[in-house]
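Peer 1: Next up is a structure, given as structure tokens.
The values are calculated or read from the model by the stated rules, or taken from the named source; none is laboratory data. Remember, it's a predicted structure, so these values are computed and weren't measured experimentally. In this analysis, Cβ positions are derived from the backbone assuming ideal geometry, glycine residues included, and neighbour counts consider all displayed protein chains. All accessible areas refer to the heavy atoms of the entire protein, side chains included, with ligands and DNA or RNA removed. Shrake-Rupley method; radii C 1.70, N 1.55, O 1.52, S 1.80 Å.
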Amino acid sequence: MKRVRCPKCDHYIIFDETKYEEGQSLVFICDECKKQFSIRIGASKLNAIRKEEKIDEQENKDSFGSIVVVENAFAYKQVLPLKEGDNVIGRRNKGMNIEVPIETNDPNMDRKHCTINVKRNKQGKLLYTLRDNGSLCGTFVMNELVGDREQVRIEDGAILTLGATTVILRAAEERQ
Ligand SMILES: [Zn+2]
């Protein structure tokens, strides 16, 4: 699966490039702003997209950890860094500034779906706390629904479900 960005609103459109041949022109209608645009599939363009997708999960090793988005029908794999404090996670939308914007067409992911708070305790250990932001479909940790006003401590490798999307917490390495 490949993606193109809408020139008008920046929304990503995912398509199956294996159905097309090099040199063929494709016409897209953006499902966010309805703009129609076309691209021509060329070898250089496909290579550029591939290069961009080579994301190193170790890149954020010294920071506050990251969120790995598992590739599915709505989105490609993404690794998004966390920062200290509140990290709002949701469907990326141009003009909305959140800490963890996920590029996806998942209709069941809210634009401010849930929040992970990252803080360091007195011993210097990073603590990750998840809460739901009143999302329509809820936030699940290891298939358990996060209740209203509930704060759930999560650890490295925790599997979260937001709509039809699965994300994994990669905690930062402990500093000694
Ligand atoms: Zn658009």
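Peer 1: Give Leu126, Leu80, Leu145 a once-over and let me know the one that is out of contact with any Lys or Arg (no Cβ under 8 Å at 6 or more places or on another chain) and within 14 Å of Phe64 (Cα to Cα).
Peer 2: Leu80
Peer 1: Applying the selection to region 1-15, what residues are open to solvent by 80 Å² or more (accessible area, probe 1.4 Å) and either away from the ligand (no atom under 11 Å from the Cβ) or over 14 Å from Arg92 (Cα atoms) (or both)?
Peer 2: Applying the first criterion (open to solvent by 80 Å² or more (accessible area, probe 1.4 Å)) to region 1-15 yields 1, 5, 7-8.
Across region 1-15, the qualifying residues are Met1, Pro7, Lys8.
Peer 1: Taking region 134-163, which residues are assigned to a loop (DSSP other than H, G, I, E, B) and open to solvent by 30 Å² or more (accessible area, probe 1.4 Å)?
Peer 2: Gly134, Leu136, Cys137, Met142, Asn143, Asp148, Arg149, Glu150, Gln151, Glu155, Asp156
Peer 1: Give me the pairs, please: first residue somewhere in region 16-29 and open to solvent by 100 Å² or more (accessible area, probe 1.4 Å), second residue anywhere and among the aliphatic types (A, V, I, L, M), beta-carbon distance under 8 Å, and either six or more positions apart or on two chains.
Peer 2: If the second residue must be among the aliphatic types (A, V, I, L, M), the pairs left are Glu21/Ile41; Glu22/Ile41; Glu22/Ala43; Glu22/Leu46.
Peer 1: Is it fair to say Tyr20 is among the aromatic types (Phe, Trp, Tyr), modelled with pLDDT under 90 and away from the ligand (no atom under 16 Å from the Cβ)?
Peer 2: yes
Peer 1: From the list Arg131, Arg170, Arg120, pick out the single residue that is touching a residue at least 12 places away in the same chain (Cβ under 8 Å) and exposed (fewer than 14 other Cβ atoms within 10 Å of the Cβ).
Peer 2: On the way: Arg131 fails: exposed (fewer than 14 other Cβ atoms within 10 Å of the Cβ); Arg170 fails: exposed (fewer than 14 other Cβ atoms within 10 Å of the Cβ).
Of Arg131, Arg170, Arg120, the one residue that is touching a residue at least 12 places away in the same chain (Cβ under 8 Å) and exposed (fewer than 14 other Cβ atoms within 10 Å of the Cβ) is Arg120.
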